[in-house]
Amino acid sequence: MPDANDPTGRAAARSKAVAALKPTIDVIIDRHYNSKVYTSGSVIAGRAIVKTVRDIAFDHFDIVFTGIAATRLDFVQQYPSHSFRPFLKLRMPISEDDVPEDRVFKADRTYTIPFHFVVPHHLPMGACKHQCEAGTVLDHHLRLPPTIGFWSADDQAPEMAQIEYAVKARAVKQEQGIPASKVMEGQHVVKVLPASPEDAPLDITFRDERYSMVKTKMIRKKLFSVKAGKLTAASTQPEAVMFTADGRDASTSAAHINLEFVPDSVDKKPPKITAVSAKLLSTTYFGAAPVNYLPNLGPRTAYHSNPCLNYTTTTNISNTTVDKIAWCQEKVDAGRRDSGYSSSHLSPDSDGMAKGGGNKKTGSPIKYVASLDIPFTITNTNRKIFLPTFHSCLISRTYVLQLCLHVGPANSTMTLSVPVQVGVETIYDDPQGGALPTFESVMASDEEAAADSYLRPRIRRAASEDAPQTNSLLPGYGELSRRAAIPVAPVA
């Protein structure tokens, strides 16, 4: 305990006394606990409790549900060092009965002001006002991003990128000729893991340097031995790994690898694939200004007016031993004796045709083909979590699955870099097809449903055959085929 004569101790005691006298607002969320995760469609309801030791006059009292993205660029002098971008602000209508009529919170009294929010499925159009290179970019920017930087485990993002969701309550005093000031304020930060359905696979080309879908390698029995043939490995984007809405469980996906071996001569056999190891690269992109492109696509060194920094972590997810591969022998078309894959997708280090003087060697009349399926999944733990794939105006998160094939007696390697999406299942339907619901519409819908449930008659009658049939679903092919065609007169 500090000495009474110590000025530092007196200053600390004085600051505690001032903090105790400072009016605050406690934001209490119903049925909330520290590890609770909210998703799209989740209800965040509770109350703001106002207590003060002295009378506090105010003009407006607000309760809002906010989403804010913040980035910081260290050691990049030509761009702003900090960026702060609110992308969501839902305001709670306050009833006049819940606040004092004279707009003064009295001392030693407790005021309870309820609130009720629903986490939206999409952001409003005003959340992304800058120009985008394509409509798909705008579509991604209008999706809710997940919480970043406020999890109890490592979310594999740098400290320079954060996304915060919170319920904030504040009392504001507005005087003529003076900017509005907050006289009381309180907040409650929550974790949001929005629904993220599976998207269509990316259209990867040779320009997208972060991915390598096809690799070709010349195989030798030993380092300086004669060439045995050319092995090509190709993969496609696997199905998305889908987490449950609380982030605890994830589905299993599988990487599909097509193999093709063109021997140097007909007596050469395909090499042995001993193992396939898989790593997951988690990359977070962040910048000081909104980007108008998807940062994971295109060349690594492409020029952009608003460049992104990136931060990558690596996680080992599987190491599969390959016991036996069922190779199938096929004849090579006489008019085409290559691997069958476009050369535009081959990596720069792919081996080409054999070099040397003399006559050009005739290609092999046969080839061998096979395939491998490598199952994998990811798990959130109390030490590391995986956020869903997303692209927002300032921050993005993408994943790359690295598949390393160990080939031949020399144990040479071939590495494929394949995009993979991490998503979150949808457990609540979007009531307005993507539009944000208003508080009034939600409350009116709940009241109407309660009234209908109470007043609904308990007598059930069979539907009349003459009653008009209404169906919001599209007609099937069978129904369309039964409809009579209406002749149309030719246009003169």
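Numbers at a glance
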| quantity | calculated |
| --- | --- |
| At R0 = 45 Å, FRET efficiency that the Cβ-Cβ distance of Gln174 and Tyr428 yields, to 0.05 | 0.75 |
| Computed E for Asp333/Tyr293 - FRET, C-beta separation, R0 51 angstrom, nearest 0.05 | 0.80 |
| Share of alpha-carbon pairs per 10 Å distance bin for segment 25-192, given as whole % | 9, 30, 32, 21, 7, 1 |
| Restraint check, Lys106/Lys168; Lys279/Lys384; Lys89/Lys191; Lys168/Lys191, Cα-Cα greater than 18 Å | Lys106/Lys168 |
| Ranked by how many other beta carbons lie within 10 Å on average, peptides 101-107, 135-141 from highest | 135-141, 101-107 |
| Sorted peptide list for 288-298, 388-398, criterion being average Cβ within 10 angstrom, highest first | 388-398, 288-298 |
| Compactness of segment 182-284 - radius of gyration and Dmax, Cα, Å | 22.7, 86 |
| Label-point separation in nm, Ala45 to Arg31, each point 7 Å along Cα→Cβ | 0.9 |
| Label-to-label distance, nm, for residues given as Phe150 and Glu198 (7 Å Cα→Cβ offset) | 3.1 |
| Those lysines that a straight Cα-Cα span of less than 17 Å connects to Lys367, excepting residues fewer than 8 apart in one chain | Lys215, Lys217, Lys227, Lys230, Lys268, Lys269, Lys272, Lys331 |
| Accessible area in square angstrom per residue, segment 25-192, 1.4 angstrom probe | 52 |
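The values are calculated or read from the model by the stated rules, or taken from the named source; none is laboratory data. Note that the structure is predicted; figures quoted are calculated from it, not measured. Neighbour counts run over all protein chains shown; Cβ positions are idealised from the backbone, glycine included. Surface areas here come from the heavy atoms of the whole protein model, side chains and all, with no ligands, DNA or RNA. Shrake-Rupley method; radii C 1.70, N 1.55, O 1.52, S 1.80 Å.
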